[in-house]
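Input: a single structure, listed below in structure tokens.
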Amino acid sequence: MMLLASHGFMIPYLPRMNSEGMRNRPFYSMRFANVDGVYHVADDSATSHHVQRRRCDCYDHYKQLIPYMEAWCWQKSLVRMRHDLVGRDEDHSDMLIILQHPPVYTLGTGSLEKYLHFNIQDSPYEIYRTERGGEVTYHGPGQLVMYPIVNLRYHKMDLHWYLRSLEEVIIRVLSSTFAIKASRIKGLTGVWVGNKKVAAIGIRVSRWISYHGLAVNVTTDLSPFQRIVPCGLQDREVCSVKELLGNSLSGKIEDSVLIDTAHESLVKEFSEVFQLSLSDRSIS
């Protein structure tokens with residue numbers, strides 16, 4: 001559970017839409033609490049149970065290794081579709097893609113090649129420069145990746161709020177499911193346990209529609225991170241949930257069970273933090 005200060009405050013907001021949609025849309029508010037100077041989304045069940053949640057179509061392929069390029073093209077296609085729906089005032093649901101990737105390095109739009117410990121023309125794995133923010137990172141088996149395609153007009157039109165909310169999802173998962181105390185580090189994006197980064201976040205927002213997202217190292221082989229400077233941070237390390245649980249669970253819980261457990265918790269906490277009602281969807 002989150003540690004909340006005794007005094008919080010309410011921030012009301014309404015999505016931008018035409019007058020007809022505004023009349024039929026329930027009032028939304030989110031409560032935040034200040035903890036050590038950082039504002040957290042507060043879980044106020046007494047309020048949330050009386051609010052009709054926005055639908056979120058969930059394309060859940062978390063047990064599959066989907067090539068990065070395929071997933072990237074899929075995201076961009078869905079974003080274009082969402083722009084068309086917004087233009088017709090028919091954008092009635094958000095979207096969430098959950099998957100794993102085969103080994104791949106990705107760079108953000110302004111990533112520097114100096115953070116690669118290899119010649120980019122002779123990469124040990126596929127490598128892509130994308131339009132997301134952030135520096136180089138690694139994706140691979142055992143890492144759960146979530147790509148929310150969310151219309152921030154229906155949540156909060158604030159990129160810092162969105163990044164902190166994605167972090168909140170992961171912090172809740174680690175605490176409630178694995179009893180791991182994770183945190184933010186001021187000035188950095190992602191989720192940390194001590195000096196080690198357990199989850200990376202990199203997003204792109206196009207006309208208030210988000211894509212790209214977050215990656216949590218669950219049972220990931222961490223050795224490919226040694227070939228890069230993850231997220232361009234020279235003095236930080238990476239870790240995984242499996243590593244953090246340590247020898248106490250070694251040999252007792254299979255990797256597949258850890259993945260299943262983390263996945264279930266990520267879905268739950270994502271829906272709670274963003275107040276969304278998830279509906280399973282398949283690729284058409």
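Read-outs throughout are calculated quantities, based only on the coordinates presented, and are distinct from any laboratory measurement. Quick caveat, the model's predicted, so the values are computed rather than measured.
Under a 5 Å amide H cut-off, with hydrogens placed 1.01 Å from N, ILE203 pairs with GLY133 among residues at least 5 apart or on other chains. Expressed as a whole percent, the proportion of Cα-Cα pairs in segment 166-284 lying more than 19 Å apart is 52%.
Restricting the calculation to Cα atoms, segment 54-279 shows an Rg/Rh of 0.95 when the hydrodynamic-style radius is the Kirkwood one. Here the relative contact order of segment 54-279, from alpha carbon pairs under 8 Å that lie six or more residues apart, stands at 24 percent.
Relative contact order, whole percent, for segment 82-216 stands at 26, derived from Cα pairs under 8 Å and 6 or more residues apart. Pairs from the table (LYS181/LYS252; LYS76/LYS181; LYS63/LYS186) lying more than 30 angstrom apart at Cα are LYS76/LYS181; LYS63/LYS186. Volume of the convex hull of segment 88-168 (Cα atoms only), normalised per residue: 141 Å³. Phi angles across segment 211-227 convert, under the Karplus curve 6.51 cos²θ - 1.76 cosθ + 1.60 with θ = phi - 60°, into 3J(HN,Hα) values of 8, 6, x, 10, 9, 10, 6, 9, 10, 4, 5, 8, 4, x, 5, 6, 8 Hz, Gly and Pro given as x.
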